[in-house]
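Colleague: Before we start, here is the structure in question, set down as structure tokens.
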Amino acid sequence: MSANFSFLKKVDKDLFEIIETAEKLYRDEYFEQCMTQTRRFGESICKNVLNNKRIPDSTFDNMLATLKDSAKEVQEKEFIEDLYFLKKHGNKSTHAVKVQHDGMEALECLKRAFEIAISYCVYNRGGSKNILKLRYDVELLVTGNKSKKSLAEKYKEEKKKTAKPVKQSYKMKSKKQKTGVSKFWIFVGISAIVSAIMLLIILAANL
């Protein structure tokens, strides 16, 4: 089955297997176990980044604090912020008394792990910067099949669906223009003719 983290397999097979297990747990709806596994993934990457600078038996908190002290670039700070997120939610799911079944929270952990993996491959292991263009594919996570459409294409489709033209609820009827002379003006004309004839008769009688 295809995986979002396939690019990581060439760089570090062990890390790939840890996060691949997290995706499988999510697919089977073991959301809390998924979050615990993403925490494990984050801690393992932390150890790899520190390498010889890491003090034996250092806790995840101690390692994050060491990384935070040396962080200068924006991507380094985002990298550490994502690691803190995995630690926080991984701890929460591990020590929770009641099962929450929070799929959205687990999905966010996977997305953060994805960004961490990309940063690790590019900035720590000298991987190709082309993978910076990759985006987490939820359809691939759920179905195992890569989405054929880009995020931009899906957005355009949804926009078209919500922008349907509204049909008019009434129809405009055009009035026919009247042709010819109205009855009023015919009456006026006849009255004028009659008046003229009467005037001529009166004048003729007086001559």
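The values are calculated or read from the model by the stated rules, or taken from the named source; none is laboratory data. If you're wondering where the values come from, they're calculated on a predicted model, not measured in any experiment. Heads up, the Cβs are rebuilt from the backbone with ideal geometry, glycines too, and the neighbour counts pull from every protein chain shown. The protein model used for the area step is the full one, side chains on, heavy atoms only, and it has no ligands, DNA or RNA in it. Shrake-Rupley method; radii C 1.70, N 1.55, O 1.52, S 1.80 Å.
Colleague: What is the dipole size for the range 1-143, taken about its Cα centre, with +1 at each Lys and Arg Cβ and -1 at each Asp and Glu Cβ, in debye to the nearest 20?
Modeller: It comes to approximately 400 debye.
Colleague: Would you calculate the separation in nanometres between label points at Ile197 and Asn130, each defined as 7 Å from the Cα along the Cα-to-beta-carbon direction?
Modeller: Rounded to a tenth, the inter-label distance reads 10.5 nm.
Colleague: Under a 1.4 angstrom probe, counting protein chains only, how are Thr36, Thr143 ranked by accessible area, largest first?
Modeller: Ranking Thr36, Thr143 by accessible area, largest first, yields Thr143, Thr36.
Colleague: Need one number: nm distance between label points at Glu108 and Ile190, each 7 Å from Cα along Cα→Cβ, rounded to one decimal.
Modeller: About 9.0 nm separates the two model spin labels.
Colleague: With labels modelled as points extended 7 Å from the Cα through the Cβ direction, what inter-label distance (nm, one decimal) is found for Lys53 paired with Lys92?
Modeller: It works out to 2.9 nm between the two label points.
Colleague: A further question on this structure: With N set to the number of residues, divide the alpha-carbon radius of gyration of the range 6-59 by 2.2 N^0.38 Å and report two decimals.
Modeller: That works out to 1.25 for the range 6-59.
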